[in-house]
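The values are calculated or read from the model by the stated rules, or taken from the named source; none is laboratory data. Just so we're clear, the structure is a prediction, and the values are computed from it rather than from any experiment. As a convention, Cβ positions derive from the backbone with ideal geometry for all residues, glycine included, and neighbour counts pool all protein chains shown. Side chains are part of the model used for accessible areas, which takes the heavy atoms of the whole protein and leaves out ligands, DNA and RNA. Shrake-Rupley method; radii C 1.70, N 1.55, O 1.52, S 1.80 Å.
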Amino acid sequence: MHNITLSFRLNGTDYTVETSAEKRMLDVLRNDLGLTGTKEGCGVGECGACTVVLNGEAVTSCLVLAGQMQGADIMTIEGMSETQIGSILQDCFVEGDAIQCGFCTPGFIMSAYALLLKNPHPTREEIREAVAGNLCRCTGYKPIVNAIEQAGLRLSQS
């Protein structure tokens, strides 16, 4: 195994980490840094449970190699919750009953966060498109789309 040293910005803080070059971003976040809010579901990029924001874009961290973290700006659910958008999103998910088991919720919220960063007033179609890579087996998608739409409305009022 070959180790690499990575320097990146994570949740607003600069980090330098030595890790295996064979690891995925998901493994670095969860195992090396203890940020367990990012979940591993399918491990092949199809469920969205491991979604984080990498350089302003929502990505499935199970498909990103650790080396791609070098010089990057990364936001996880832990850091996002400290932002205005994140706080509003979390409130809207809770108030809108858009959470049941909660396993998929961090991924949905991170996809919504990336959308609202770029487009604070998305249409329902834009919301559905932004979360198309996230799967939920419990809640159904209507409460989730409603919660994201409500977050956009609250952002426009703040």
Sites C138 and N31, calculated FRET efficiency, Cβ-Cβ separation with R0 22 Å, nearest 0.05 | 0.25
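Rounded if a/c is under 1.5, else prolate if a/b is larger than b/c, else oblate: which is region 75-158, with a ≥ b ≥ c the root eigenvalues of its Cα gyration tensor?
rounded
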Among C101, L117, A132, the residue whose Cα sits farthest towards the positive end of the charge dipole of region 78-158 (+1 at Cβ of Lys and Arg, -1 at Cβ of Asp and Glu, taken about the Cα centre) is A132
What size of dipole, in debye to the nearest 20, comes out for region 1-124 about its Cα centre when the only charges are +1 on Lys and Arg C-beta atoms and -1 on Asp and Glu C-beta atoms?
-> 220 debye
Going residue by residue through region 69-80, the Karplus relation 6.51 cos²θ - 1.76 cosθ + 1.60 with θ = phi - 60° gives ³J(HN,Hα) values, rounded to whole Hz and with x marking Gly or Pro, of 7, 4, x, 7, 10, 10, 10, 10, 4, 5, x, 4
Using the Cα gyration tensor of region 35-81, with a ≥ b ≥ c the square roots of its eigenvalues, what is the shape: rounded (a/c below 1.5), prolate (a/b larger than b/c) or oblate (neither)?
-> oblate
Computed helical MRE - 222 nm, the chain, DSSP H runs ≥ 4 contributing -39500 (n - 2.57), nearest 500 = -10500 deg cm²/dmol
Pair E57, E40: separation of 7 Å Cα→Cβ label points (nm) | 2.4 nm
About its Cα centre, region 104-158 carries a charge dipole, from +1 on Lys and Arg Cβ atoms and -1 on Asp and Glu Cβ atoms, whose size in debye to the nearest 20 is 120 debye
Note: N3 to T16 extended length (0.36 nm per residue) minus current alpha-carbon separation gives 3.4 nm
Take each of the peptides 55-64, 119-128, 13-22, average the number of other beta-carbon atoms within 10 Å over its residues, and list them starting from the highest.
-> 55-64, 119-128, 13-22
Using Cα pairs closer than 8 Å and at least 6 residues apart in sequence, work out the relative contact order for the chain, in percent.
-> 23 percent
Rounded to a whole %, the carbon-and-sulfur portion of the accessible area of region 61-116 at a 1.4 Å probe is 52 percent
In whole Å, how far is the Cα centre of region 12-37 from that of region 41-60?
-> 14 Å
Averaged per residue, what accessible area in Å² does the chain show with a 1.4 Å probe, protein chains only?
-> 48 Å²
So for region 1-62, using the alpha carbon gyration tensor with a ≥ b ≥ c as root eigenvalues (a/c under 1.5 gives rounded; past that, a/b versus b/c decides prolate or oblate), I'd call it oblate
